[in-house]
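Step one of this worksheet: look at the structure below.
The values are calculated or read from the model by the stated rules, or taken from the named source; none is laboratory data. Just so you know, these numbers come straight off a predicted model, no measurement behind them. So basically every Cβ, Gly included, is an ideal-geometry build from the backbone, and we count neighbours across all protein chains shown.
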Amino acid sequence: MASATRTPAPPLPPGPPLPPRAPRSLAGPIVLIAIGILFLLGTMHVVNVHALVRWFAHYWPVLLILWGVIKLLEYQQSNRTGTRPPGISAGGIMLLVSIVAAGLIATEVYNVNWGEIRDQMGIEDADVPWWGHTYDFSTDFARPFHAGDSVRITSARGAVNLSTSSDDRMHVTVHKRVNAENQNDADKWDKSTEPRISTNGHVILLDSNTQGAGEHWVAIDLDVALPRTASVVIQTQHGDVSIMGRDGNADVTSKNGDVAVTDLNGRLNLNLDHSSARISQVGSDVTIQGRSQDVSIEDVKGTVHLDGDFMESLKLSRIAKPVSFKSTRTDIGFSGLDGYLNLDSDNLQVSNVTGPFSLRTRSKDVMLNGVSNDVRVENENGAVEIHANKLGGLDVHNAKGDIRIFVPQHAGFQLEAQARDGEIESDFSQLKIDNGDQRSTASGSVNGGGPRMALTNEHGTIEIRRGVVVPAPAPSPQAPRAPRSPEIPQPTEN
């Protein structure tokens, strides 16, 4: 039997030609080359690294624009040749994401005020890699100073130390710190930030000229010696101020620094913004306003006026004339202070104060020890305790805290007191006391009557006791010392 033969299948007709393979995109390599060239120029010191970083922080979207232009040209070329336009590979997508992320981070980092952070951290004379190296420069000069002249000093960054000269001249010593990558750059910034001195009539103008370096970090400390009779005006943005030995007036505007003043016979006026002050031995009036951290004042022969917010503490000691204090939470006024006053966010302690004394505050425990003459207190969310040396009129309104009054053993007075949700207690049998479930009252005259005592309390007790001044000495505020670096403020206020 013959075997069957297989006939081969006819060949399939040729199909349409395959489209040409899409060329690879050049956008990624070109952008990488551009970035590499820029960084190469930086490492070769052809372009300043800080300038390169600054350029990238501002202009990194140019790389995206370059990428887009290249892709557009590739698309037009593909249309002319009839090929598929090149797409974006996974590596290209990662590169785009990296450029966008790095650009956003660089922009945010560059917008941070690193100079202010450095000032707040108190970093001085230290080489920090991302701030460059610190180079020091010093110089000094002198000029004649005539009777009737005054001085105005302006400093954007750096301390101002003012002392008394031994002759009739003005002496200035300049201590400069420049951050730069190398000595040549430091010399350039040093030359552009030479302090400027000029005159306007009888006013000598001294400018530290740190702004001569633009955004570059330069700090200049000025040590200035003047005849004792000269008056001064000082303005600082970042830096401490020290004034010692002056018969003229002193006006200081300070931001982000400490102010220390001692041995001043003229008037003192301080305008503070996130600054602290230590004042001692002033022969005239003292005025402080603005937003302060902590303030201590002692041995003032004139009046003291305080107006603003004091975020940490206020210490007063030995003030000869009236004192007025006004802040968001507290108003205080009295005629003189032989002892001390300590005020912080939740306590007020006063010793040996001369009235009339007035206080309006809240959320503080109030302790008045050794007060004389009239007293008026308004408080809430805190206790009130008063020890009277010489009893005058006494008017106390409190809420959510106890009231305790200590009067001299043989003092005469008239009492009207009431307490809601609290009891009344007394060491004086002459008083008529009625303690009810929700309301308590007390009234009467003691030792033949005398000054009127009016006490009102909401949700707290009232006590009227025989007593003497409690011996509670407190350390006096420290005299001004050498300026220190400012600390980061705490979120409290008085």
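Structure notes:
- Among the candidates Leu348, Leu343, Leu394, residue that is of a type outside the set (D, E, K, R), free of Cβ contacts under 8 Å to residues at least 40 places away in the same chain and buried (at least 18 other Cβ atoms within 10 Å of the Cβ): Leu348
- From the options Thr193, Thr210, residue that is surrounded by 19 or more Cβ atoms within 10 Å (Cβ to Cβ), under 28 Å from the mean Cα position of the chain (by Cα), farther than 19 Å from Ser242 by Cβ and of a type outside the set (Asp, Glu): Thr193
- Taking (1) surrounded by fewer than 19 Cβ atoms within 10 Å (Cβ to Cβ); (2) touching a residue at least 24 places away in the same chain (Cβ under 8 Å); (3) out of contact with any Gly (no Cβ under 9 Å at 6 or more places or on another chain); (4) not small (Gly, Ala, Ser) in turn, His274 satisfies each apart from (3).
- Residues located in region 222-254, provided they are surrounded by fewer than 18 Cβ atoms within 10 Å (Cβ to Cβ) and basic (Lys, Arg): Arg228
- From His58, His50, residue being at pLDDT below 75 and either not in a loop (DSSP other than H, G, I, E, B) or not assigned by TED's automatic domain parsing to the domain that holds Ala90 (or both): His50
- Meets criteria (out of contact with any Leu (no Cβ under 9 Å at 6 or more places or on another chain), under 20 Å from Asp402 (Cα atoms) and in contact (Cβ under 8 Å) with a residue 12 or more places away in the chain) for Arg376: no
- Close contacts from region 58-81, counting a first residue that is closer than 21 Å to Ala101 by Cα and a second that is exposed (fewer than 12 other Cβ atoms within 10 Å of the Cβ), with Cβ to Cβ under 7 Å and a gap of 6+ residues or different chains, come to none at all.
- Given (1) in contact (Cβ under 8 Å) with a residue 40 or more places away in the chain; (2) surrounded by fewer than 19 Cβ atoms within 10 Å (Cβ to Cβ), index of the condition Ala260 fails: (2)
- Taken residue by residue, region 162-176 has no member that is assigned to a loop (DSSP other than H, G, I, E, B) and under 17 Å from Asp136 (Cβ atoms).
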